[in-house]
Amino acid sequence: MEHGETIVGAMVRFMGSSNPLSVRIEGFKLAQCLMLTEQGCSRLVSMCCEPIVEAIVCAINEWKLKEGKGANDQIPLMIEACRLAMITRWPGKHHLCFWKRGINKVLIDILMPNFVGKYPSYHTCPLEEQIAIARENLIDNLFLVLRPYAWDILGWLAIRCAEDFDPKFSENEAYFDILTVAACVAFEDIIGRGNQLCHDDVISTFRSESAVRVVLMMIFSSCKYISSKARSVLCEVLNPNGERYVKQLLYTLNSPSSGVNLGMPNLVHIVISLIGLTCFLALPHYQGFIVDGSKTLLYYMMGRSSESFCLPRSSYALHLKSNLPGRACCSFHSEEWEGKDVILFHNLWGLYVSIHHSSSKSKFSIVAVLQSENIRTELVNKLLDICKDTSYCGARWFASYVLTYFSYFGFPSALGVKIGKALNHEDYADIELILANGTSFCVHGVLLMVRCPLLLPPEKPFDGGTFDDSSVTNDSDNWHRKFRKEIRLSCHVNRLELEKLLEYVYSGYVQAEEDTVKRLKILARRCGLHQLSELLSRRIPEWATEIPSFDLKPALGQGRHKFWDIILESKATELSWTCSICSSSVPHMHVHRIILWASCDYLQALLQSGMQESQSQILKVPVSWEALVKLVCWFYSFELPEPPSGCLWSNMGTKEKLHQLELYVELSWLADFWLLEDIQDACFRIVDNGLSSARQLSVKILQMAANLSQWKLAEAAANHVAPSYRQLHESGEFDELDETLIEMVRAASVRLSQSRG
């Protein structure tokens, strides 16, 4: 795909109507493969956006040219075209292309075939009559299998629209209104069936979720027209049964049996109930249920154990399951924004909506409930844990927004907790922020550089920690003579807001009371902290907005302000080594004392010990250069780089695989010495997984692990050797192992035999 124009052009031609049906289907499947990720979608859209969209729309719409059995023969092609149309989940210019190509009319034909021809003056009818007509025509089941695709495509298009977008820009301006009425009618039908959903056939229950979900996405669209239209039509559709439906939803979620040992249809019913309740709470007509809704959502979330949060949408949305042959083993697939548990996602979305849309009196009632029943602390801790779990995606956003009503703003992380302790540690501070009244804060330039660069002076370059040759070759106490740069701030900045801003910069989140929020929001906006400003404003994030990561690795790059003040030196290597910053010929990395001090308790004690190492600007680390790079990456991000996986690992030579695993055995030994349990656990997992697909390396890893006294790793390697114990023993493979290790393998072999009976 380096020069993909040729193959992409051919692929688009294959999807055209001049080709046999089977060829067109394969063309769409190839496009699905190439656009499986946001990156792949963006790349192909940049090459040929309009031809791809045109091929999709034409393929879906072609059934109207056929008659009888011919129309049914088109369904496999329509399914593949709809699957490709799911690229609407990714942002990009293809959204506008879909609107221009009349996707709204195409979706109407899927949901209600021949509707436009039968009702040419539909848009002139009163809304009540429009609702009745839509309800009658949605009964048509000609393309029932395509409906989940249609609802999802409409939902993605709606949620991705810009605030000022008007879907009525084309000559067919009434089509979107027809879709809105149809979606709201389908919503009311599904919610009205209530518990009967669980007794419908499984496929029907699963398909119902998409029809309810699209209304939620339309209501919370950034586009003012779509959002207001969906709300007004839904209110009219629900009248006069809306209050009964809300009580029914509350009853379902409050039921003792709603959270334990449920089958998939019941779990989907819970998802539908949560989506439905969220939609109701967003409508002004149902604000009287805010307090009851908040309590229900709160207790439902608190009543579920963390182990039960494991229901991804793809587990029941059958139309999302790929039918592509083969497997994608080394391609990165970004997770859906709903994350690994869609129930938690919608639970938190509903809780956010109920609190956000409540009146001051309702807010007081909700807070009073939390205080009187003494669950505030438990709730806050649970929400903070969700914010730290990177597998929750969108749920983390809504958890963080709920936390804003309890004075917490931001995203806690393990690294943030560590770095946050450095805020009041002045020993390695190289910047002094001075307020107009003379109050000052001593801070660390490296953290401002990465987390809030606008607080640094924009004028001449300042290299707080650049090394010269003498600082590398001499173990001097040059650090203690390092100057501290003064930065004077505007008189509009006061102490409390700056203190809170720095707390966010250092830890990733901050606690701030309501009387501080307004001024802190202004300061955050002026300092370029967009995510903090959005949280302080309590504005719902755009769909699929990425969580801001607490990642300090950019500080290792060649930035304008480097602030380096210490060198980590690995074991010497036979390879030649040159550095663009200093003249040292030993492999090394220029890093920051404050990051080492905060990230590693062992190094913190060492740097504060007063021993020779604490005064030196060079710290020798007894591992190889490649292992050192991985170690430093962990210090700056709390993420340990892993070896290649999938086919990249399978196609790697035995020697290279062994080298990769040896790095993690080496790191495990250092982590054991430096008390870095998280690194040691990660190394064990990586080595164990690697040996699962490369058992021939187990003997060598066993020997290396034993030499470094990494007995847990040695035991794991012995378990991988165990199935071949007899053959390896007879072949002489164990000749270099001592008796202790041979006995370890023999014991593992005996355990394996016993487990197999």
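Data table
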| read-out | value |
| --- | --- |
| Candidate residues THR740, THR37, THR205: accessible-area rank, largest first, probe 1.4 Å | THR740, THR37, THR205 |
| Relative contact order, percent, the range 32-184 [alpha-carbon distance under 8 Å, six or more residues apart] | 26 percent |
| Chain lengthening between GLU730 and LYS118 when straightened (0.36 nm per residue, less Cα-Cα) | 212.1 nm |
| The chain: angle of helix 147-159 to the longest principal axis, Cα-based, in degrees nearest 10 | 60 degrees |
| Order of exposure, largest accessible area first, which applies to PHE115, PHE684 with probe 1.4 Å | PHE684, PHE115 |
| Per-residue ³J(HN,Hα) for the range 352-358, Karplus 6.51 cos²θ - 1.76 cosθ + 1.60, θ = phi - 60°, Hz, x for Gly and Pro | 4, 5, 5, 6, 5, 8, 7 |
| Two-site label geometry, SER693 and SER585: point separation in nm, points 7 Å out along Cα→Cβ | 4.1 nm |
| Amide H within-cut-off set for TYR509, under 5 Å, with H built and near neighbours excluded | PHE411 |
| Candidates per chymotrypsin sites (Phe, Trp or Tyr not before Pro) in the range 690-757, loop by DSSP, up to 14 other Cβ within 10 Å | none |
| Cα long-axis angle, helix 5-14 against the chain (0 to 90 degrees, to the nearest 10) | 30 degrees |
| Two-decimal Rg to Rh for the chain - Kirkwood Rh, Cα set | 1.01 |
| Inter-part distance where the range 92-107 and the range 531-575 are each reduced to a Cα centre, Å | 38 Å |
| Solvent-accessible ranking of GLU338, GLU38, largest area first, probe 1.4 Å | GLU38, GLU338 |
| Tail weight of P(r) past 18 Å, computed on alpha-carbon pairs of the range 533-588, percent | 59 percent |
| Rounded accessible area per residue of the chain, 1.4 Å, Å² | 45 Å² |
| For the chain, calculated [θ]222 nm from helices alone, where every DSSP H run of n ≥ 4 adds -39500 (n - 2.57) | -17500 deg cm²/dmol |
| Order by protection proxy (mean Cβ within 10 Å, highest first), peptides 545-551, 408-414 | 408-414, 545-551 |
| Equivalent ellipsoid semi-axes - Cα gyration tensor, the range 479-545, angstrom | 26, 15, 11 |
| All aspartates and glutamates inside 20 Å of LYS421 as judged from Cα atoms, apart from same-chain residues fewer than 8 positions distant | ASP385, ASP430, GLU432, GLU497, GLU499, GLU503, ASP551, ASP565, ASP601, GLU639, GLU677, ASP678 |
| Using alpha-carbon coordinates, inclination of helix 242-254 to the longest axis of the chain, degrees | 40 degrees |
| FRET efficiency, ARG488 to HIS530 (Cβ-Cβ, R0 25 Å, nearest 0.05) | 0.50 |
| Cβ-derived FRET efficiency at R0 56 Å, TRP577 paired with ASN437, nearest 0.05 | 0.65 |
| Computed FRET value (nearest 0.05) for ILE540 with SER650, which takes r as the C-beta separation and R₀ as 35 Å | 0.20 |
| Probe 1.4 Å - accessible area at ILE581, Å² to nearest ten | 40 Å² |
| Accessible area (Å², 1.4 Å probe, nearest 10) - ARG101 | 100 Å² |
| Computed over the range 1-147, Cα set: Rg, Dmax in Å | 16.7, 55 |
| The range 109-163: GluC sites (Glu not before Pro) falling in loop per DSSP and having at most 13 other Cβ within 10 Å | GLU163 |
| Exceeding the 31 Å Cα-Cα cut-off - candidates LYS418/LYS712; LYS518/LYS562; LYS118/LYS229; LYS64/LYS340 | LYS518/LYS562; LYS64/LYS340 |
| CYS633-GLU129 pseudo-label distance in nm [points 7 Å out on the Cα-to-Cβ vector] | 6.7 nm |
| HN-Hα J in Hz across the range 201-216 - Karplus 6.51, -1.76, 1.60, θ = phi - 60°, x for Gly and Pro | 5, 4, 4, 4, 4, 5, 5, 5, 4, 5, 5, 7, 4, 5, 5, 4 |
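The values are calculated or read from the model by the stated rules, or taken from the named source; none is laboratory data. Not measured: the values here are computed from a predicted model. Here Cβ is always computed from backbone atoms with ideal geometry, including for glycine, and neighbour counts include all displayed protein chains. Ligands, DNA and RNA are excluded from the accessible area calculation, which covers all protein heavy atoms including side chains. Shrake-Rupley method; radii C 1.70, N 1.55, O 1.52, S 1.80 Å.
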